[in-house]
Structures are given as structure tokens and as C-alpha cells.
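Taken together, the values in this text are just the output of simple stated rules run on the coordinates, not laboratory data. Worth saying up front: this structure is predicted, and the values here are computed from it rather than measured. Please note: Cβ atoms are built from the backbone with ideal geometry, for glycine as well, and neighbour counts cover all protein chains shown.
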Amino acid sequence: MAVDRERVLKDAAALLTRRSTASMDDIARAAGISRATLHRHFAGRDALIRALEELGIKETGQALDAARLEEGGADAALRRLIGALEPVAGVLAFLYTENQLFEGEQINEGWLALDARIHALFRRGQEEGTFRIDLTPAWLTEALYGLICAGAWSVHEGRLARADRNHSIAELLLGGVRRESTR
């Protein structure tokens, strides 16, 4: 039986997000494979975490491409990006909380390149007059990642309906928490 490596990684991320100290045995069980099979694909926990980083970078890059960030208004591009990031949200949720586990140069370069693309979107929105200029593109990028991860956790825990996730993230990020005056 062939093992779907990406599915195993996503199952591992889902478990590790809830239980960061889960053993390789626990991870294998969550993925529905034997520990020996898990070790054939990932020599140990470090290799598994590095593979999760690589998957996160790859899928986030694919989401950025799918969102067509250069097309249309920045706010519409941001909404497309939030939707495109939904499939990788679980992996991002784990990586976001465990971002200090590995600081390899290659990994950092991958995230920096992705961050630069998102920064450019926020900068464009600021230049268009759509996004606030009192918050830096770097901070807005961190806020986006944080909300993507919070959305994944909330859906997983049943505190947010999956169908409401993208809308909730976009509305909070674009509108903030300030209630508009009704006067």
C-alpha cells in the first residue's frame, strides 16, 4: 500500500497542533500507519518537522499563486488569498506555534520570499488607499497568519463553522474590531 506523504504530514500537523509533545507512535496512529512506515518516510521527529516546514512553504506558495495577488483590488486579492490558504491552514497553525523549532537558512529564505509577496499585497492596498497606513505590511502579514491559524484551530475545536471561516477572517482583518458609528 502506497503512503500519501502529504496526507501523513497533514495528519501529523493536526495532531501536533493539539499535542505538541505527541510521540512518533502517536503520530503514526493518527496517520493510520505503522511506526515503521512512518520512520521509512521520516527518520525521526526532526525530519518530520522539516518536512512539515517544506510542505508549508510549498503549499503557501501555491496558495499565493492561486490567489492571483496582482489582479484586481487589494481587498479582493486578500479575500482570494484567505480562501486559497484554507487547505494549508492546519499545517500553518502547527508551524506558527512552533516557529522556533528550526531556523535553517533554506527554510527562512522560503518563508521570507512568501512574506515578501504578502507584504507587497498589503503595500499595494495601502497605496490604493484601501488598507490602513498606520500599520506596517509586516505587521499585517503577521496578523493574516495569526488569523488563518486561529481560524483553523476554531474550526477544529468546533467554535467556528467551516463555512464561516473565510468570511470571519476577511471581515476581522479588513474591518478590524471597531464598530462603525451608527450616527
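Under a Gaussian network description of the chain, with springs only between Cα atoms under 10 Å, the residue in G110, G146, G72 that fluctuates furthest is G72. What separates the Cα centres of region 154-170 and region 46-91 is a distance of 17 Å. Taking Cα atoms only, the orientation of helix 45-67 departs from the longest principal axis of the chain by about 30 degrees.
Between 0 and 90 degrees, the angle of helix 162-175 with respect to the longest Cα principal axis of the chain falls at about 40 degrees.
Over the chain, what is the mean sequence separation of C-alpha contacts under 8 Å (at least six apart), divided by residue count, expressed as relative contact order in percent? Mind showing how you got there, number by number?
Working: 160 pairs, mean separation 38.0, N = 183.
After rounding, I find 21 percent.
Against the chain, whose longest principal axis comes from its Cα atoms, helix 105-128 is set at around 20 degrees. Work out the FRET efficiency for T97 and E6 from their Cβ-Cβ distance, taking R0 = 22 Å, and round it to the nearest 0.05. Approximately 0.60, to the nearest 0.05.
Starting with the highest mean, order 51-64, 155-168 by the number of other Cβ atoms within 10 Å, averaged over the residues of each peptide.
Details: 51-64: 19.3, 155-168: 14.0.
So the order, starting with the most tightly packed, is 51-64, 155-168.
In sequence order, region 132-147 has phi-based couplings of 4, 9, 7, 10, 6, x, 5, 5, 4, 5, 4, 4, 4, 4, x, 5 Hz under the Karplus curve 6.51 cos²θ - 1.76 cosθ + 1.60, θ = phi - 60°, and Gly or Pro positions carry x.
Close amide-amide hydrogen proximity is noted between T130 and no other residue 5 or more places distant or on a separate chain, at a cut-off under 5 Å (H modeled in the peptide plane; Pro and chain starts excluded).
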